[in-house]
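Data first, discussion second: the structure below is written as structure tokens.
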Amino acid sequence: MSKIDELLVDVARLVESGRSNQMSLTVVTGGAVITGRLAPEAVWRQRVSEVLADSDHLADFSAVFAAASKADSPTHLHFHLARILQGTVGIPETGGMYRVSIADVSAWTMGDVSYSEH
């Protein structure tokens, strides 16, 4: 976006306040459509850190994600249980963890976008 959408920043700020992790959002960024639930950055970082710590090959990266954020105002959306929509399929099937810069969001809507796995 040439100008950051302050409404989207307000949504991210409310999620960051920790009052709810149930906000579903769909965004278009860099030509990709990502749909899923938003999480506060600290919760998202902790979960990514846990997944990495359990990996034999990636455990060294766990500490990077365990570090606290330094941003005063949200600059990114943190998706969990999210999918990248590709045609009629959501990738990955089980849902993934995505970090999207608010400045790179070109369109968005509240809620998950449906897709078909058939």
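The values are calculated or read from the model by the stated rules, or taken from the named source; none is laboratory data. Computed from a predicted structure; not experimentally measured. When we count neighbours, we look across all protein chains shown, and the Cβ atoms used for this are built from the backbone with ideal geometry, even at glycine. Note: accessible area is taken over every heavy atom of the protein model, side chains too, but ligands, DNA and RNA are not part of it. Shrake-Rupley method; radii C 1.70, N 1.55, O 1.52, S 1.80 Å.
Rolling a 1.4 angstrom probe over the protein heavy atoms with all chains in place gives region 66-118 an accessible area of 62 Å² per residue.
Over the chain, what percent of the accessible surface lies on carbon and sulfur atoms, probe 1.4 Å?
Carbon with sulfur: 55 percent of the solvent-accessible area.
The heavy atoms of SER69 present about 50 square angstrom of accessible area, all protein chains included, probe 1.4 Å.
The three principal axes of the C-alpha atoms in region 14-77 carry coordinate ranges of 33, 28, 20 Å, sorted with the longest axis first. For region 8-84, the dipole from Cβ point charges (+1 on Lys and Arg, -1 on Asp and Glu) about the Cα centre works out to 300 debye, to the nearest 20.
If you look at the Cα atoms of the chain, you get an Rg and a Dmax of 14.5, 43 Å. Solvent-accessible surface of region 1-65, averaged per residue with a 1.4 angstrom probe and all protein chains in place: 61 square angstrom.
Projecting each Cα onto the charge dipole of the chain (Lys/Arg +1, Asp/Glu -1 at the beta carbon, about the Cα centre), which of GLY111, SER62, ALA82 comes out farthest on the positive side? Highest projection toward the positive end goes to GLY111.
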